[in-house]
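Undergrad: Let me begin by handing over the structure; questions about it come next.
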Amino acid sequence: MTATSILVVDSDSRHRDYLVNILISNGFETIACDDREQAFDRLATTRLDMVIMDDGVNNLTPETLLEEIQRLDLDTFTAVMSNSPDTARGMKWMLAGAFAYLAKPVSPDALLPIIRKGQENKEAYHQVVNMANALKETNQALEKEKAALKEKSDQLLFLYSFASALSASLDAEEIARTVAKAVAALFGPDLVLILGAFDPQQGLRLYTDRRLRGDLVKGLGHELMLEAGLTGHGGQERFRIVDVSQTEKPLEHAPLNRHVLPLVAAGKKCGALGLFFEDPSQIDGDRIVLLESLALQAAQALLNAYQHEQALNKAAHDALTGLANRRTFDEVLKREFERSVRYGAKTALIMLDLDRFKSVNDRFGHAAGDEVLKAVAAALRKSVRTTDMAARIGGEEFAVILPSTGQDKALKLARRIQANLKLSPVHLGDIWLKQTVSQGVADTAVNSISSVGDLIKLADRAMYLAKEQGRNTIRSASDLTTIEPGRGNRYACR
């Protein structure tokens, strides 16, 4: 019969030799070592029935030894000994698969019965170990499933919170900022770009959460458009860049790696979401699914914001000319008038009326009249500054509001309008019509002005004076004199 082979692992040489003598004298084949490497080498190269180990060996615990025995699928049982026996620690080793837990120094009376019982009950012992391992694996699987369920729950909670944040605003810039912030928190990219391609006529909007050079961000936006499969939306020059920075620190160069998702709403591609990484992206499959859900919500929110913006724009502008309408004109003029009163800044107003416009409609028809109105509107847009607002306030009546501007500068702009109109004839049938306008200019510096209505009346009266004095000319409040209130017009000619 083959003798029982036992490995003793003990860093205490005296106790190790003591155990070896006991085992050899009782007929057991015995091997001894004092460290992890030797123990693992013996397990891999020698048939062993039992391992007796000290739980104080450097870089080796009973748990790692038992894991190695299970990995090698050895028919070996283990006894653990300790200089300072501890019940909790002993239970840990027993649950990990140890057969016995002994106090050092180990006496023959304690050790030999353990060896005998281990030999007699090896099969039952291994069944217990296998059951313990199966239970451990089941618990690990349950913990893994529990962690996965928690992650899914956290993701659903995030998407709910994200949807709530998106629904709180119909402003595209605020929505883009919310999206960029959420993406940055989840995935940690160095740069987030959001491309909006809702209407080729309006051009492309490119939202960026980091400050970049204009040429760099345009180039990235164009690459984003190509990667997302968006075509027919114009070239790079049509990008409108919107900075929604989350940090003041600018990027000096483009990140090398990217992950791009199309933004799809109402079954149509309407943009792209780009995450740019300096290091390779670590987004796994589950997180890509989360990012896709985020992109879907972002696309719908941006589409809603765009449609809302379009509706507001239509409500605020004249359908024919595209200039601000009368309601918008009244609101803006009221606001600027109140600001001039509060801060002592001047606000100027130009009133314009087309000369002999009725004859245009009578001779050429209303369609031709519409073309003339659009031509005048184009001349106004070309003439005004970005801070000014041009409006169509009646049939052939227009107005320009000039914030923080006095009468003299307003007169210069009125002359620029006259010049641009002269250079913009309208083709009507066989002739080119040079439409002229009469203009009246006034500002809030006039002492007698106490309301918005006064300013409008003053500019309007100056405009009528221009008509009375030959049309195609400009008159200002300085060309008028005030008469007593309640007796005819408040303002009259000099």
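The values are calculated or read from the model by the stated rules, or taken from the named source; none is laboratory data. Predicted model only: the values in this text are computed from it and were never measured. Here Cβ is always computed from backbone atoms with ideal geometry, including for glycine, and neighbour counts include all displayed protein chains. Calculation scope for accessible area: heavy atoms of the full protein, side chains included, ligands and nucleic acids excluded. Shrake-Rupley method; radii C 1.70, N 1.55, O 1.52, S 1.80 Å.
Undergrad: Could you please tell me which pairs satisfy a Cβ distance under 9 Å, a separation of 6+ or placement on different chains, a first residue in segment 332-348 that is closer than 20 Å to residue 408 by Cα, and a second residue that is aromatic (Phe, Trp, Tyr)?
TA: 347/337
Undergrad: Failed condition for residue 364, given (1) in contact with a helix residue (DSSP H, G or I) (Cβ under 7 Å, 6 or more places away or on another chain); (2) open to solvent by 60 Å² or more (accessible area, probe 1.4 Å), with all others met?
TA: Result: residue 364 passes all but (1).
Undergrad: When you look at residue 68, is it surrounded by 14 or more Cβ atoms within 10 Å (Cβ to Cβ) and either part of a helix (DSSP H, G or I) or out of contact with any Phe, Trp or Tyr (no Cβ under 9 Å at 6 or more places or on another chain) (or both), yes or no?
TA: For residue 68, the condition - surrounded by 14 or more Cβ atoms within 10 Å (Cβ to Cβ) and either part of a helix (DSSP H, G or I) or out of contact with any Phe, Trp or Tyr (no Cβ under 9 Å at 6 or more places or on another chain) (or both) - is met.
Undergrad: While we're here: Of the conditions (1) open to solvent by less than 20 Å² (accessible area, probe 1.4 Å); (2) modelled with pLDDT of 90 or more, residue 305 clears all except one; give me its number.
TA: The failed condition is (2).
Undergrad: For segment 378-421, enumerate the residues that are β-branched (Val, Ile, Thr) and surrounded by fewer than 17 Cβ atoms within 10 Å (Cβ to Cβ).
TA: 386, 387
Undergrad: Mind checking whether some residue in segment 19-40 is surrounded by fewer than 17 Cβ atoms within 10 Å (Cβ to Cβ), of a type in the set (Ser, Thr, Tyr) and modelled with pLDDT of 90 or more?
TA: yes
Residue-by-condition table, conditions (1) closer than 17 Å to residue 402 by Cα; (2) under 42 Å from the mean Cα position of the chain (by Cα):
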residue: 322; (1), (2): no, yes
residue: 331; (1), (2): yes, yes
residue: 334; (1), (2): yes, yes
residue: 340; (1), (2): yes, yes
residue: 343; (1), (2): yes, yes
residue: 348; (1), (2): yes, yes
residue: 355; (1), (2): no, no
